[in-house]
Amino acid sequence: MDPKLEKPYNPADTESRIYDLWQESGFFQPENLSGDRSKPFTIIMPPPNANGHLHAGHALFVTIEDLMIRYKRMRGFKTLWLPGADHAGFETQVVYEKKLEKEGRSRFGMDRQKLYDEIMAFTLENKKYMEAELKALGASCDWSREKFTLDPAIIKTVYGTFQQLYDDDLIYRGKRLVNWCTKHQTSLSDLETSTETRIDKLYYLQYGPLVVATVRPETMFGDVAVAVNPDDERYQQYIDQDIEVQTPIGSMKLKVVADPIVEKDFGTGALKITPAHDQNDFDLAKRHNLPAIEVIDQFGKLNDKTGKYTGLKVDEARTTVVADLKELGLLIKEEPYEHNVIACYKCGRVLEPRVIPQWFVKMEPLAKPALKAVYDGDIKIIPDFSKKIFTNWLDNIRDWNISRQIAWGIQIPAKICPKCDFGVPDLENKKTTCGQCGSELVQDPDTFDTWFSSGQWPFATLGYPENKDYKNFYPTAVMETGADILFFWVARMIMLGLYRTNQIPFHTVYLHGMVRDGQGLKMSKSKGNVINPIEIVNKYGADALRMALVIGNTPGTAMALAEDKIKAYKHFSNKLWNISRFILSYAPTDNETPTEANLLKEFNELATAVTNDLENYRFYLAGEKIYHYAWHRLADEIIEESKAILATPGEVADTRRQTLRLILGQTLKLLHPFMPFVTEELWQIGKFSTTSSLLIVEDWPHQND
RNA sequence: GCAUCCUUAGCUCAGCUGGUUAGAGCGUACGAUUCACAUUCGUAAGGUCACAGGUUCGAUUCCUGUAGGGUGCACCA
């Protein structure tokens with residue numbers, strides 16, 4: 001018996017050695033795989049944010065994607081799993097800002113290039129950890145093809161898409177109301193916001209002859225009108241008339257307009273219109289040709305149009321203005337009011353809508369082909385119900401603001417006119433004069449929303465349009481990612497992929513749910529219930545973690561990951577080890593020895609069922625079946641019964657010996673995509689190989705389906 | 001408000017197109033064992049499959065409704 005088998009299984013002694021063995025073999029690269037391999041199977045890895053260490057969610061995607069790749073590799077596909085790293089624009093800048101704050105520094109006032117360089121160094125450092133951790137989890141991805149979202153070739157592709165969208169009139173520069181975070185000093189897309197329910201006060205204010213209800217009295221200096229419902233009998237006489245409104249800093253003239261969005265029953269039925277600081281008001285103002293007057297600046301302070309309130313923060317201004325209105329007898333009443341506010345998804349601060357010129361992508365023309373691809377079944381989404389969520393979102397999509405006022409990211413290749421807000425793409429950096437007003441153009445300082453570039457990831461990483469990889473591996477097979485980024489990322493990849501390449505980027509979307517703690521609670525540092533995958537790997541082995549992540553985990557739903565569960569699969573690794581110890585302690589017989597058809601038939605039925613589950617993305621069932629067979633059938637029954645049979649040397653014993661050895665080898669194959677390390681180690685020790693030396697490229701037990 | 005998912009053993013969850021005594025892991029109780037097992041094996045307890053209707057020969061599984069929970073989206077100042 002191999003001396004390694006003398007000791008209990010120790011993943012720590014095994015896993016890195018086995019990973020090196022695979023890497024040296026070159027089998028992670030599709031061109032090194034032997035055989036016909038005419039059918040490609042490609043997965044583009046969702047590039048982890050290169051701003052920290054991997055968390056349990058990363059371990060989950062690695063497990064599922066590696067499982068699919070290993071399975072398909074054994075099935076004879078030309079498998080490519082392309083790894084990557086994401087600079088993660090805003091996300092990383094936020095992480096870095098926190099670091100700066102700890103050091104008593106701030107990004108504001110820093111030289112832009114210096115900030116960029118610092119974050120780049122930080123990111124490249126973290127990228128190394130991330131890569132090492134992917135390896136520790138057993139990721140059999142092709143490192144020779146690894147991409148980073150800021151690679152020059154990627155940026156070139158992204159720029160090309162920007163230009164093409166502009167030429168097709170699908171991108172425009174618009175001065176519209178955008179979500180503005182006063183802490184992070186950037187606009188955010190609609191997706192980068194979170195809604196928060198709050199109880200504020202609803203103030204009833206005397207506006208000339210009318211009374212309006214508002215939660216934001218401090219914006220009254222930016223009012224341009226009062227709106228009423230056209231059918232509201234109370235206000236007919238005022239419609240289209242000017243009214244004189246008294247404020248703490250003087251009086252102002254407002255027009256009364258009629259618009260159906262105003263609810264007669266809410267408040268007083270009269271609505272003050274502040275186009276620069278409210279989305280509905282902005283839309284209404286457009287319909288009525290009203291101007292937008294900004295009274296709050298980018299830091300969330302009142303500006304010089306507000307007289308004595310200039311410089312006050314919004315909250316302070318609100319209290320002060322209300323007090324002053326009360327004094328003037330203009331505050332009729334106030335009542336508590338529960339409503340939702342839009343907040344920054346990172347810092348939780350209430351976003352301040354601002355009117356600034358930004359680049360927008362017209363979404364409807366892009367959404368339609370994406371919807372069709374999903375409706376027609378060209379793209380299948382697992383689980384099935386997420387298809388409805390997906391189409392519901394695309395059906396109601398709004399234009400996408402892709403400008404970010406941050407340094408960390410891909411700078412938008414465009415020139416803008418500071419005078420008239422005109423903007424034009426300029427990839428060659430040649431344009432100098434504004435085509436609209438003749439002023440001098442300047443480089444747009446903004447960067448792309450990180451999802452604009454990562455939305456092009458599948459074809460950008462493969463080198464669209466001329467690279468061989470693009471021709472060989474696109475469209476890719478499966479996009480496996482978190483259900484939480486279905487809109488952020490998956491939808492954008494489908495839309496931009498279809499737009500740029502005229503092909504779907506992948507035929508299947510597999511969405512995994514969030515990994516929770518053992519009680520089903522969200523993991524967070526403050527709760528102290530975070531499971532660090534690398535600590536787990538060191539303690540129980542990557543195989544155990546992988547099994548714990550796969551079994552009992554259905555697509556699209558959150559899963560609970562308790563340490564006890566991982567421990568249970570550590571025991572399973574050991575069980576497998578001991579099954580092998582028992583079987584391998586008997587010397588192999590010669591090839592002529594007959595085998596037991598009934599036991600092999602039973603195994604083949606298992607292999608068929610497992611294969612069927614894997615083909616249908618039911619990894620949780622496949623894993624459970626093999627586990628159950630190995631432990632409760634092979635070990636508990638077949639081996640137990642074999643002890644007596646093997647005790648008496650002879651033909652019967654030889655037949656059993658041969659059968660056991662065959663079944664063990666096949667079981668290791670079935671288990672390999674789930675538990676790659678221990679199975680490869682046992683495959684090596686048992687010298688099962690007939691054609692190749694590595695289990696990673698052995699044939700799958702079940703070949704005809 | 002709209003959409004969507006969930007409610008199955010003490011806990012966390014499976015149960016794929018409806019069909020014999022509803023499963024897994026952990027936990028619990030009792031017993032055995034160092035013969036492959038830094039342990040393992042055996043046995044057991046524990047579920048009116050949220051509730052109410054309906055379809056069906058038959059429903060945990062399909063349909064409708066009710067209650068509770070989660071998630072997403074959109075909102076009336």
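The values are calculated or read from the model by the stated rules, or taken from the named source; none is laboratory data. Not measured: the values here are computed from a predicted model. Note that we place each Cβ from the backbone using ideal geometry, even for glycine, and neighbour counts take in every protein chain shown. Remember, those area values only see protein heavy atoms, side chains included, never the ligands or the DNA or RNA. Shrake-Rupley method; radii C 1.70, N 1.55, O 1.52, S 1.80 Å.
Here are a few things to note about the model shown:
- Candidates A:617, A:260, A:441 compared by Cα position along the dipole of chain A: farthest toward the positive end lies A:441, with charges placed on Cβ.
- Radius 12 Å from Cβ of residue A:619, net charge of other residues (Lys, Arg +1; Asp, Glu -1): -2
- Loop-located GluC sites (Glu not before Pro) in the stretch A:87-135, at most 11 other Cβ atoms within 10 Å (DSSP): A:103
- Accessible area (Å², per residue) of chain A, counting only protein heavy atoms and a probe of 1.4 Å: 43
- Compared with the dominant principal axis of the Cα atoms in chain A, helix A:676-686 is inclined by about 10°.
- With Cα atoms, 0 to 90° folded angle of helix A:619-628 axis to chain A main axis: 30
- Folded to 0 to 90 degrees: helix A:651-671 orientation relative to chain A principal axis, Cα: 10
- Overall form of the stretch A:87-201 per C-alpha gyration tensor (a/c, 1.5; a/b vs b/c): oblate
- Spatial offset of the stretch A:246-299 relative to the stretch A:670-700 amounts to 70 Å, using the alpha carbon center of each.
- Carbon and sulfur %, accessible surface of chain A computed with the full protein complex present, 1.4 Å: 49
- Relative contact order %, the stretch A:1-113, counting alpha carbon pairs below 8 Å whose residues are six or more apart: 30
- Using the Cβ-Cβ distance between residue A:431 and residue A:234 with R0 set to 51 Å, the FRET efficiency works out to roughly 0.40.
- In Hz, Karplus ³J(HN,Hα) per residue of the stretch A:74-91 (6.51, -1.76, 1.60; θ = phi - 60°; x = Gly, Pro): 6, 7, x, 7, 7, 8, 10, 10, 9, x, x, 9, 10, 5, 6, x, 4, 4
- The 3J(HN,Hα) values that the Karplus relation (6.51, -1.76, 1.60; θ = phi - 60°) gives for the stretch A:32-47 are, in residue order, 8, 7, 8, x, 5, 6, 7, 8, x, 9, 10, 10, 8, 5, x, x Hz. Gly and Pro appear as x.
- Amide H contacts of residue A:85: A:147, A:148, A:149, each under 5 Å away and 5 or more positions distant or on a separate chain (H built 1.01 Å from N in the peptide plane; Pro and chain starts excluded).
- Prolate/oblate/rounded call for the stretch A:499-546, Cα gyration tensor, a/c under 1.5 rounded: prolate
- When you restrict to C-alpha pairs under 8 Å that are six or more residues apart and normalise by the size of the stretch A:234-372, the relative contact order lands at 15 percent.
- For residue A:482, the residues whose amide H sits under 5 Å from its own are A:512, ignoring neighbours fewer than 5 places away on the same chain, with H placed 1.01 Å from N.
- Rounded if a/c under 1.5, otherwise prolate or oblate - chain A, Cα gyration tensor axes: prolate
- Per-selection Kirkwood Rh - the stretch A:317-376 (Cα, Å, 1 d.p.): 16.8
- Nonlocal amide H pairs with residue A:509, under 5 Å, H built at 1.01 Å: A:380, A:381, A:382, A:479
- Rounded to the nearest 10 Å², the accessible area of residue A:288 at probe 1.4 Å: 50
- Options A:559, A:526, A:579, ranked by Cα towards positive dipole end of chain A, top entry (Cβ charges): A:526
- Each eigenvalue of the Cα gyration tensor of the stretch A:547-705, multiplied by 5 and square-rooted, gives one semi-axis; in descending order these are 28, 17, 15 Å.
- Euclidean distance of C-alpha centroids, the stretch A:387-448 and the stretch A:344-368, integer Å: 12
- Reach of residue A:78 by Cα under 16 Å, taken over aspartates and glutamates that are not fewer than 8 positions away in the same chain: A:31, A:36, A:65, A:66, A:142, A:469, A:698, A:699
- Dipole in debye (nearest 20) - the stretch A:607-705, about Cα centre, beta carbon charges: Lys, Arg +1; Asp, Glu -1: 160
- Relative contact order (%) - chain A, alpha-carbon pairs under 8 angstrom, separation at least six: 16
- Among the GluC sites (Glu not before Pro) found in the stretch A:395-472, those both in a DSSP coil and sparsely packed, with 14 or fewer other Cβ atoms within 10 Å of their Cβ, are A:428, A:466.
- Most positive-pole-ward Cα, A:496, A:483, A:219, against dipole of chain A from beta carbon charges: A:219
- Cα-based reach from residue A:387 at 17 Å (exclusive), listing lysines while leaving out same-chain residues under 8 positions away: A:368, A:372
- The stretch A:391-437: trypsin sites (Lys or Arg not before Pro) in DSSP coil with no more than 16 other Cβ atoms inside 10 Å: A:398, A:419, A:430, A:431
- Only Lys, Arg, Asp and Glu carry charge here, each on its Cβ (+1 for the first two, -1 for the last two); on that basis the stretch A:399-526 has a dipole of about 160 debye about its Cα centre.
- Among the listed pairs A:301/A:419; A:201/A:301; A:72/A:539, those beyond 26 Å (Cα-Cα): A:72/A:539
- If R0 is taken as 22 Å, the Cβ-Cβ distance between residue A:502 and residue A:153 corresponds to a FRET efficiency of 0.60.
- Packing rank of A:500-510, A:15-25, where each peptide gets the mean count of other beta carbons within 10 Å, highest leading: A:500-510, A:15-25
- Cβ-placed point charges (K, R +1; D, E -1), dipole of chain A about Cα centre in debye, nearest 20: 680
- Cα centroid separation - the stretch A:528-573 against the stretch A:56-76, whole Å: 15
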